[in-house]
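The values are calculated or read from the model by the stated rules, or taken from the named source; none is laboratory data. If you're wondering where the values come from, they're calculated on a predicted model, not measured in any experiment. Methodologically, a virtual Cβ is constructed for each residue, glycine included, from the backbone with ideal geometry; neighbour enumeration extends over all protein chains shown. Keep in mind that these areas ignore ligands, DNA and RNA; they rest on the heavy atoms of the full protein, side chains included. Shrake-Rupley method; radii C 1.70, N 1.55, O 1.52, S 1.80 Å.
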Amino acid sequence: MKVFVTRPIPGSALEELKKNHEVEIWSGPGAIPRETLLQKVSGASAVIPMLTEKIDQEFFDAAGPNLKIVANYAVGFDNIDLSVAKQKNIAVTNTPSHLGDSVAELTIALIMALSRRIVESDKWMREGKYKSWDPSLFLGQDLEGKTIGIVGLGTIGIAAARLAGAVLGMKVVYSATSEKTEAAAFGWKFMKLNELLSESDVISLHVPLSPQTHHLIGKEQFGLMKPSAMLINTSRGPVIDETALYEALSNKNIWGAAIDVYENETGLSDDSTWWKMTKLPNIIMTPHIGSATIEAREEM
């Protein structure tokens with residue numbers, strides 16, 4: 001069968017596919033251009049896209065009647081119009097599995113780095129500003145005994161909550177569409193979102209992107225948070241209103257934020273809110289590396 005892959009991926013999977021199928025891989029710089037994508041998928045039986053590709057009516061029409069499956073190389077599937085896929089009887093898969101562990105580990109790393117101002121102090125050292133020890137230098141926050149609010153208790157949310165409790169000694173509360181019976185076994189407390197935002201010292205987002213979660217955290221929600229609160233986002237960028245985030249950080253309405261995902265990850269520019277946030281000292285920004293481990297990529 002003809003298989004089209006929109007980006008080279010690590011691991012042995014593509015070599016396995018090549019043993020039995022005709023596999024073409026886009027190897028140009030960055031994400032594949034839209035026009036090129038529509039040309040390349042024509043006649044394909046299977047397509048392996050990344051989260052950066054929009055899989056919609058236009059895509060399915062361009063692919064044609066041979067297309068049997070779209071195997072999304074991502075834990076999510078918000079880039080795919082599932083209703084069109086269903087109409088055309090095309091299978092859609094994604095790669096959740098053990099990615100929860102990798103993303104959860106990054107979440108904990110970001111919490112620790114933000115609370116102890118590690119990125120700030122590293123930059124300060126590299127600029128040659130260190131002269132001598134100072135008792136007031138880069139004061140951070142302890143995490144032991146503090147409350148972490150997990151927003152979304154799916155596979156990744158559960159993994160992050162368990163690590164926060166076991167590794168950091170944090171008290172876990174969570175918000176979800178409904179109370180989870182498995183959470184009671186760990187002593188995690190269910191809260192409505194607004195209550196969680198008011199009570200938590202660390203707020204970690206682990207919800208899928210949907211119309212209900214788009215801009216779930218905006219100006220109103222930042223107003224509910226403690227001035228000492230830390231916000232972590234390893235889910236999807238549009239879950240946070242980035243303009244509201246920039247204002248909250250600039251005005252020091254919250255302690256800081258650490259984010260791995262952005263509202264528009266294919267159109268970052270020097271006049272965007274994303275670029276303005278790079279100038280702020282109280283934010284850590286990573287380039288969507290939640291699942292970027294050798295083990296997770298191989299499993300994907």
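Quick notes on this structure:
- Relative contact order of segment 103-178, pairs being alpha-carbon contacts under 8 Å that are 6 or more residues apart, as %: 35 percent
- In terms of its C-alpha gyration tensor, segment 1-116 has a prolate overall shape, because the principal axis ratio a/c (a ≥ b ≥ c, square roots of the eigenvalues) is not below 1.5 and a/b outweighs b/c.
- Rg/Rh ratio calculated on Cα atoms of segment 27-89 (Kirkwood radius): 0.92
- Value of relative contact order over the chain, rounded to a whole percent, pairs C-alpha under 8 Å and six or more apart: 14 percent
- Amide H to amide H distances under 5 Å link LEU231 with ILE203, GLY256, ALA257, ALA258, where only residues 5 or more positions off or on other chains count and H is placed in the peptide plane.
- Per DSSP, loop trypsin sites (Lys or Arg not before Pro) in segment 1-91 with at most 11 further Cβ within 10 Å: LYS19
- Along the chain, longest interval not containing exposed GluC sites (Glu not before Pro), exposed being DSSP loop plus at most 10 other Cβ atoms within 10 Å: 145-300
- Sparse-neighbourhood loop sites, trypsin sites (Lys or Arg not before Pro) in segment 140-200 - DSSP loop, at most 14 other Cβ within 10 angstrom: LYS192
- For the pair SER27 and LYS68, the difference between a 0.36 nm per residue extended length and the Cα-Cα distance amounts to 12.4 nm.
- With a Förster radius of 45 Å applied to the C-beta separation of ASN251 and LYS19, the computed FRET efficiency comes to 0.20.
- Taking a ≥ b ≥ c as the square roots of the eigenvalues of the Cα gyration tensor, segment 189-300 is classed as oblate, since a/c reaches at least 1.5 and a/b does not exceed b/c.
- Centroid-to-centroid separation of segment 107-176 and segment 283-300 [C-alpha atoms, Å]: 18 Å
- The slack between ARG162 and THR36, meaning 0.36 nm per residue of separation minus the straight C-alpha distance, is 41.0 nm.
- Taking amide H as placed 1.01 Å from N in the peptide plane, TYR262 has its amide H under 5 Å from the amide H of GLY237, each at least 5 places away in sequence or on another chain.
- Pair-distance profile P(r), taking every C-alpha pair of segment 37-175, with 5 angstrom steps and integer %: 2, 9, 14, 13, 10, 9, 10, 10, 8, 7, 4, 2, 1, 0
- Isotropic mean projected area of the C-alpha convex hull, segment 138-242 (nm²): 6.7 nm²
- Legend: distances between Cα atoms for LYS146/LYS279; LYS40/LYS68; LYS2/LYS88; LYS86/LYS192; LYS192/LYS252; pairs beyond 23 Å are LYS146/LYS279; LYS86/LYS192; LYS192/LYS252.
- Gyration tensor (alpha-carbon) shape descriptor, segment 1-61, a/c threshold 1.5: oblate
- Straightening the chain between ASN194 and GLU295 buys 32.7 nm, computed as 0.36 nm per residue apart minus the Cα-Cα spacing.
- Rg to Rh, two decimals, where the chain supplies the alpha carbon set and Rh follows Kirkwood: 1.01
- Accessible surface of segment 65-148 [probe 1.4 Å, protein heavy atoms]: carbon and sulfur percent: 55 percent
- Phi-derived couplings, Karplus 6.51 cos²θ - 1.76 cosθ + 1.60 at θ = phi - 60°, listed residue by residue for segment 182-194: 5, 5, 4, 5, 9, x, 7, 9, 7, 9, 5, 4, 4 Hz, with x used for Gly and Pro.
- Taken along the Cα-to-beta-carbon direction at a fixed 7 Å, the label points for GLN57 and PHE186 span 4.2 nm.
- Calculated FRET efficiency, ALA109 to SER210, Cβ-Cβ distance, R0 = 35 Å: about 0.85 to the nearest 0.05.
- Top of ILE156, ILE80, ILE148 by mean-square fluctuation, Gaussian network on the chain, Cα under 10 Å: ILE80
- Placing unit charges on each Cβ (+1 for Lys and Arg, -1 for Asp and Glu) gives the chain a dipole about its Cα centre, and among VAL92, ALA74, ALA44 the Cα reaching farthest toward its positive end belongs to ALA74.
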